[in-house]
1. Filter region 33-51 for residues that are farther than 11 Å from ALA62 by Cβ and either over 14 Å from the mean Cα position of the chain (by Cα) or at pLDDT below 95 (or both) and give the result.
2. Any chance you could count how many residues in region 1-20 are of a type in the set (A, V, I, L, M) and in a loop (DSSP other than H, G, I, E, B)?
3. Taking the criterion of being among the β-branched types (Val, Ile, Thr) and at pLDDT below 95, would at least one residue in region 141-161 satisfy it?
4. Would you confirm whether any residue within region 150-159 is out of contact with any Asp or Glu (no Cβ under 9 Å at 6 or more places or on another chain), β-branched (Val, Ile, Thr), open to solvent by 50 Å² or more (accessible area, probe 1.4 Å) and without any contact (Cβ under 8 Å) to a residue 24 or more places away in the chain?
5. Confirm whether GLY36 is in contact (Cβ under 8 Å) with a residue 12 or more places away in the chain, more than 24 Å from GLY140 (Cα to Cα) and open to solvent by 20 Å² or more (accessible area, probe 1.4 Å).
6. Just checking, does region 84-103 include any residue being surrounded by fewer than 20 Cβ atoms within 10 Å (Cβ to Cβ), in contact (Cβ under 8 Å) with a residue 24 or more places away in the chain and more than 17 Å from LEU129 (Cα to Cα)?
7. Quick one: count up the residues across region 45-81 that are open to solvent by 40 Å² or more (accessible area, probe 1.4 Å), over 23 Å from GLY132 (Cβ atoms) and in contact with a Leu (Cβ under 8 Å, 6 or more places away or on another chain).
Amino acid sequence: LVAVAAGGGVSLQASGAMTLAPGSAVAGPSVTLAAGGPAALAGNVAGGPVTVRAGGVQVLGAISGGTITLDAGAGGFGLSGAIAGTSVSVTAGGPATLDGVVSATGPVTVRANGLSVNGTVSNGGTAGLDAGSGDLVASGSVGAGGALVLQAGGAAVLNGRMTAGTSL
């Protein structure tokens with residue numbers, strides 16, 4: 001896939017794995033990417049709302065837009081690229097690793113079964129990082145304009161910088 005742009009919504013579906021190669025782009029007023037297998041997004045995705053649903057999600061490129069919803073199903077989630085939106089929601093049944101940058105003007109929510117934050121999470125609203133029954137390891141920077149809520153069913157190791165506008 002090299003480039004897809006539309007004046008209307010863009011919806012791409014794959015019964016198996018989905019790969020968005022480096023240098024490729026998907027853009028539209030709304031973007032939905034759905035895969036029956038894992039999704040590896042090394043290109044750029046831009047839209048009003050952006051929704052990605054797959055059996056595991058790796059964001060190696062950039063995702064930008066309004067409401068960004070990333071659902072890795074029972075799989076894991078990995079971020080080494082950048083995500084920027086008005087709100088960001090990440091859900092993974094497996095572990096999640098945030099090595100890149102997540103920024104939002106509103107809320108950011110990440111729910112996974114084990115969560116590692118080595119990159120940067122910043123937002124203007126409430127930030128919720130939920131490691132489920134796993135460990136929460138945060139050696140990066142997490143900043144919330146509102147409340148910062150951290151949850152772990154296992155160990156919580158906070159070696160990075162955690163800041164909140166209202167409560168931690």
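The values are calculated or read from the model by the stated rules, or taken from the named source; none is laboratory data. Treat the numbers as computed from the prediction; the structure is a model and nothing was measured. Quick reminder, even Gly has a Cβ in these numbers, built from the backbone with ideal geometry, and neighbours come from all protein chains shown. Ligands, DNA and RNA are stripped out before the accessible areas are found, and what is left, the full protein with its side chains, is counted by its heavy atoms. Shrake-Rupley method; radii C 1.70, N 1.55, O 1.52, S 1.80 Å.
1. ALA34, ALA35, GLY36, GLY37, PRO38, GLY47, GLY48
2. As a first pass, look at region 1-20 and keep what is of a type in the set (A, V, I, L, M): 1-6, 10, 12, 14, 17-18, 20.
Subsequent filtering for residues that are in a loop (DSSP other than H, G, I, E, B) retains 1-2, 6, 17.
So the count comes out to 4.
3. First, pick out the residues of region 141-161 that are among the β-branched types (Val, Ile, Thr): 142, 149, 157.
If we keep only those that are at pLDDT below 95 as well, we get none.
No, region 141-161 has no match at all.
4. So the first thing to find is which residues in region 150-159 are out of contact with any Asp or Glu (no Cβ under 9 Å at 6 or more places or on another chain), and the list is 158-159.
Filter once more, keeping what is β-branched (Val, Ile, Thr): none.
The answer is no; no qualifying residue exists.
5. On the way: in contact (Cβ under 8 Å) with a residue 12 or more places away in the chain: yes; more than 24 Å from GLY140 (Cα to Cα): yes; open to solvent by 20 Å² or more (accessible area, probe 1.4 Å): yes.
Here the answer is yes, as GLY36 does meet what is asked.
6. Within region 84-103 (the criterion being surrounded by fewer than 20 Cβ atoms within 10 Å (Cβ to Cβ), in contact (Cβ under 8 Å) with a residue 24 or more places away in the chain and more than 17 Å from LEU129 (Cα to Cα)), the answer is no, since none of the residues qualifies.
7. So the answer is 1.
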